[in-house]
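The values are calculated or read from the model by the stated rules, or taken from the named source; none is laboratory data. In this text, all values refer to a predicted model and were calculated from it rather than measured experimentally. With ideal geometry, Cβ positions are generated from the backbone for all residues, glycine too; neighbour counts draw on all protein chains shown.
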């Protein structure tokens, strides 16, 4: 069943699974059902309903698996350091810089270009095409790119 | 000692006070994110369109979460709470329901960007003050929600502060329009700090700080910003149009509710 969960990708970044994103908090096998507790990245994320449906579908394909009950909980809160090392690599493959691990005291951060690795980048817009991403520009290879926003409880 | 959902459900005094607070938090975020969504395609430039939509989406997510907490407390389904309650049952501050400016989304929208920046910045700072207090709320699910909201709020506050400072520093017409907008917002700003008729009970149950505490935390946060911009804050925050926490509202809210619930009212049994 966990293998099946690995097949559930982020509907908006289809190279990364919900497990690599660090969304899975609890997996519990009860007599009549499997309870899967997931942490939403951002509360207003419109992909949540799709993820829920995809988890249910993925488990339906596993022989002998009970029906899935998918719950979104917000405690503990999802933070960007929950993205696994494999997840960070997958984001890069997709052209998205993984969330920066460091932030200055004033909340500023920078991300390296996912294409050429340069640190010579500028922030174009803190807000990107989805709630969890920002838009940046690489001055070295002259590519626009996106980065996953750092999110931490220290903010 | 914090109360869990189960504790709240067997303590009606606590449950109803927590629910009243949650209605205020949910309705504030709900109506302001609706007003934000009306700017889609009309913001000053395309980057702002992306940013503002993203902020409105987050804010709607916060409203949905608060409505979800109300659902757990037995107040009805989140969808019904958001769409089907009449204006007089809404608890949002009046400042947040006011139209963005003359015209409508479809017909000659002459929306006021200065008003939007000031309203959003002042409200977001007020929300930050409340969320900081809610992190230690006596209602456990609410204190957990506050931790989550706080992380997203960081980016919203940064965004509106940048707009506010840049336009205030620009001088000329920008400064004039911003000061006019600020004057307008201060006339209703008292409404966002009001906790309504049950405010003192909420405070004594440890759900949230009192109104005065919230207000002075806001002033402490904003004073250095205003000082740097050489702007004098008025000594009083008013509620010229009334206190939304007690169900007092303007025609603007009714018009907004008619529009936003149109599809919902068309077919209530439709699946979304």
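Within segment A:143-151, identify whether any single residue is assigned to a loop (DSSP other than H, G, I, E, B), farther than 27 Å from residue A:35 by Cα and away from chain B (no Cβ under 11 Å), and answer yes or no.
The answer is yes, given that some residue of segment A:143-151 is assigned to a loop (DSSP other than H, G, I, E, B), farther than 27 Å from residue A:35 by Cα and away from chain B (no Cβ under 11 Å).
With the structure loaded, tell me whether residue A:16 is in contact (Cβ under 8 Å) with a residue 60 or more places away in the chain and touching a strand residue (DSSP E or B) at 6+ places or on another chain (Cβ under 7 Å) or whether it fails that test. Spelling it out, residue A:16 is indeed in contact (Cβ under 8 Å) with a residue 60 or more places away in the chain and touching a strand residue (DSSP E or B) at 6+ places or on another chain (Cβ under 7 Å). Close contacts from segment A:65-76, counting a first residue that is under 16 Å from residue A:40 (Cα atoms) and a second that is assigned to a strand (DSSP E or B), with Cβ to Cβ under 6 Å and a gap of 6+ residues or different chains, come to A:69/A:35; A:70/A:36; A:71/A:37; A:72/A:38; A:73/A:37. Among the residues of segment A:133-142, just one is more than 9 Å from every other protein chain (Cβ to nearest Cβ), in a strand (DSSP E or B) and surrounded by fewer than 21 Cβ atoms within 10 Å (Cβ to Cβ), namely A:137. Take the residues in segment B:156-189 that are within 14 Å of chain A (Cβ to nearest Cβ) and within 17 Å of the chain's Cα centre (by Cα); name whichever of them is surrounded by the most Cβ atoms within 10 Å (Cβ to Cβ). For segment B:156-189, the residue satisfying everything is B:156. Output yes when any residue across segment B:214-233 is in a loop (DSSP other than H, G, I, E, B) and more than 17 Å from residue B:118 (Cβ to Cβ), and no when none is. No - not one qualifying residue is present in segment B:214-233.
Answer yes or no: is there a residue in segment B:41-62 that is buried (at least 22 other Cβ atoms within 10 Å of the Cβ), away from every other protein chain (no Cβ under 14 Å) and touching a strand residue (DSSP E or B) at 6+ places or on another chain (Cβ under 9 Å). No, segment B:41-62 has no match at all.
Scanning for something more than 18 Å from the chain's Cα centre (by Cα) and surrounded by fewer than 23 Cβ atoms within 10 Å (Cβ to Cβ), does segment B:18-35 turn up at least one residue? No: zero hits. Scanning segment B:234-259 for residues that are surrounded by 14 or more Cβ atoms within 10 Å (Cβ to Cβ) and part of a loop (DSSP other than H, G, I, E, B) gives B:237, B:239, B:241, B:242, B:243, B:247, B:248, B:249, B:250. Would you pick out the residues in segment A:85-116 that are in a loop (DSSP other than H, G, I, E, B) and touching a residue at least 60 places away in the same chain (Cβ under 8 Å)? Correct list: A:94 only.
Annotation: residue B:101 fulfils all but one of (1) more than 30 Å from residue B:229 (Cα to Cα); (2) surrounded by fewer than 18 Cβ atoms within 10 Å (Cβ to Cβ); the unmet one is (1). If the condition is being at negative phi and part of a loop (DSSP other than H, G, I, E, B), then segment A:15-40 contributes A:18, A:19, A:20, A:21, A:23, A:30, A:31, A:32, A:33, A:39, A:40. Quick check on segment B:67-78. Is at least one of its residues touching a residue at least 40 places away in the same chain (Cβ under 8 Å), more than 18 Å from the chain's Cα centre (by Cα), away from chain A (no Cβ under 14 Å) and surrounded by 21 or more Cβ atoms within 10 Å (Cβ to Cβ)? The answer is no; no qualifying residue exists. With the checklist (1) modelled with pLDDT of 95 or more; (2) part of a helix (DSSP H, G or I) in hand, flag the one item residue B:47 doesn't pass. Every condition holds for residue B:47 apart from (1).
Taken residue by residue, segment A:67-84 has no member that is in a loop (DSSP other than H, G, I, E, B), away from chain B (no Cβ under 12 Å), surrounded by 15 or more Cβ atoms within 10 Å (Cβ to Cβ) and touching a strand residue (DSSP E or B) at 6+ places or on another chain (Cβ under 6 Å). Comparison of B:189, B:207 shows that the only residue that is touching a strand residue (DSSP E or B) at 6+ places or on another chain (Cβ under 8 Å) and either touching a residue at least 60 places away in the same chain (Cβ under 8 Å) or more than 24 Å from residue B:31 (Cβ to Cβ) (or both) is B:207. Annotation: of all residues in segment B:131-155 being surrounded by fewer than 22 Cβ atoms within 10 Å (Cβ to Cβ) and touching a strand residue (DSSP E or B) at 6+ places or on another chain (Cβ under 7 Å), the one that is nearest to the other protein chains (Cβ to nearest Cβ) is B:140. Here the condition is being part of a loop (DSSP other than H, G, I, E, B) and away from chain A (no Cβ under 14 Å); of B:208, B:201, it holds for B:208 alone.
Which residue is farthest from residue A:151 (Cα to Cα), if the candidates are limited to segment A:114-132 and must be at the interface with another protein chain (Cβ under 9 Å from one of its Cβ atoms) and touching a strand residue (DSSP E or B) at 6+ places or on another chain (Cβ under 6 Å)? Talk me through it step by step, then tell me what you get.
Residues of segment A:114-132 at the interface with another protein chain (Cβ under 9 Å from one of its Cβ atoms): A:124-131.
From what is left, the residues that are touching a strand residue (DSSP E or B) at 6+ places or on another chain (Cβ under 6 Å) are A:124-126, A:128.
Details: A:124: 18, A:125: 16, A:126: 12, A:128: 15 Å.
So the residue we want is A:124.
Regarding residue A:130, is this residue outside the structural domain of residue A:13 (by TED's automatic domain parsing), at pLDDT 95 or above and surrounded by 14 or more Cβ atoms within 10 Å (Cβ to Cβ)? So residue A:130 does not fit the description; no.
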